[in-house]
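Trainee: Structure provided below as structure tokens; questions to follow.
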Amino acid sequence: MARPKSDETKRFLDKVKVMQTGCHEWQAGQARGGYGKFVNDGKTWTAHRFAYQKFVGEIGDKHVLHKCDNRKCVNPDHLFLGTMQDNIDDMDTKGRRGSQCKVTKEQVEEIKNLLSERYSQQFVADKFGISQGAVSRIHRGVTKILKPS
């Protein structure tokens, strides 16, 4: 006998914690990039896209963007639709696109020294307030743009 179908809205909301910031943070599994992941009827959704579709309306071929810049947030009031260009413009306006480097030349040297002393990339990333991926790019020598000293 098949298991009875559960209420998707209840299952979804059971995985959400309302924060003092107003964000509704996803507390369950995550997809690549730190976005929440939710499976419904055999389809895997990013949680913020599911929230928008469920509580606001159709997404179509648009992107679901965050006003709050919190990838775990699924609060429909914090979400809006836009194009890829809208997303890029939003990232640029808020100074969070990858090409906008957050470290100086001196910091790159310090990062390389810490890595040579066998500190983990995550430890170094946390110390400098950058992503582990940025540390990896510095380690491999592929980061070219530096903030002025």
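Trainee: Restricting the search to the range 24-52, which residues are within 19 Å of THR9 (Cβ to Cβ) and of a type in the set (A, V, I, L, M, F, W, C)? Show your work before the answer.
Mentor: First, the residues of the range 24-52 that are within 19 Å of THR9 (Cβ to Cβ): 24-29, 36-52.
Passing the criteria: TRP26, ALA28, PHE38, VAL39, TRP45, ALA47, PHE50, ALA51.
Trainee: Let me ask another. Look through the range 112-134, keep the residues that are modelled with pLDDT of 85 or more and in a loop (DSSP other than H, G, I, E, B), and return whichever of them is most open to solvent (accessible area, probe 1.4 Å).
Mentor: ARG118
Trainee: Just give me the residues in the range 78-110 being modelled with pLDDT of 85 or more, open to solvent by 40 Å² or more (accessible area, probe 1.4 Å) and in contact with a helix residue (DSSP H, G or I) (Cβ under 7 Å, 6 or more places away or on another chain), in sequence order.
Mentor: Selection gives GLN107 alone.
Trainee: Return the total of residues in the range 35-84 being in contact (Cβ under 8 Å) with a residue 24 or more places away in the chain and either of a type in the set (S, T, N, Q) or closer than 17 Å to LYS17 by Cα (or both).
Mentor: Count: 21.
Trainee: Within the range 40-52, which residues are out of contact with any strand residue (DSSP E or B) (no Cβ under 8 Å at 6 or more places or on another chain) and either of a type in the set (S, T, N, Q) or open to solvent by less than 70 Å² (accessible area, probe 1.4 Å) (or both)? Show your work before the answer.
Mentor: We begin by selecting, within the range 40-52, every residue out of contact with any strand residue (DSSP E or B) (no Cβ under 8 Å at 6 or more places or on another chain); these are 40-43.
Within the range 40-52, just ASN40 meets the criteria.
Trainee: Give the residues of the range 4-42 that are of a type in the set (Asp, Glu) and over 13 Å from ASN75 (Cα atoms), sorted by residue number. Outline the logic, then answer.
Mentor: Pass one, the range 4-42, residues of a type in the set (Asp, Glu): 7-8, 14, 25, 41.
Result: ASP7, GLU8, ASP14, ASP41.
Trainee: Among the numbered criteria (1) touching a helix residue (DSSP H, G or I) at 6+ places or on another chain (Cβ under 8 Å); (2) closer than 30 Å to SER136 by Cα; (3) hydrophobic (A, V, I, L, M, F, W, C); (4) not in a loop (DSSP other than H, G, I, E, B), which one does CYS68 miss?
Mentor: So the condition that CYS68 fails would be (4).
Trainee: What number of residues within the range 1-39 are part of a strand (DSSP E or B) and surrounded by 14 or more Cβ atoms within 10 Å (Cβ to Cβ)? Talk me through it step by step, then tell me what you get.
Mentor: Narrowing the range 1-39 to residues part of a strand (DSSP E or B): 16-18, 24-26, 30, 36-39.
Okay, now just the ones that are also surrounded by 14 or more Cβ atoms within 10 Å (Cβ to Cβ), so 16, 24-26, 30, 36-38.
Within the range 1-39, residues that are part of a strand (DSSP E or B) and surrounded by 14 or more Cβ atoms within 10 Å (Cβ to Cβ) number 8.
Trainee: Right, next: So, GLY57, is that one assigned to a loop (DSSP other than H, G, I, E, B), of a type in the set (Gly, Ala, Ser) and either at pLDDT 95 or above or surrounded by 13 or more Cβ atoms within 10 Å (Cβ to Cβ) (or both) or not? Lay out the reasoning, then the answer.
Mentor: Values: assigned to a loop (DSSP other than H, G, I, E, B): yes; of a type in the set (Gly, Ala, Ser): yes; either at pLDDT 95 or above or surrounded by 13 or more Cβ atoms within 10 Å (Cβ to Cβ) (or both): yes.
Judged against the criteria, GLY57 is a match.
The values are calculated or read from the model by the stated rules, or taken from the named source; none is laboratory data. Everything numeric here is computed off the predicted structure, so don't read it as measured data. Here the Cβ is made from the backbone with ideal geometry for all residues, glycine too, and neighbour counts use every protein chain on show. All accessible areas refer to the heavy atoms of the entire protein, side chains included, with ligands and DNA or RNA removed. Shrake-Rupley method; radii C 1.70, N 1.55, O 1.52, S 1.80 Å.
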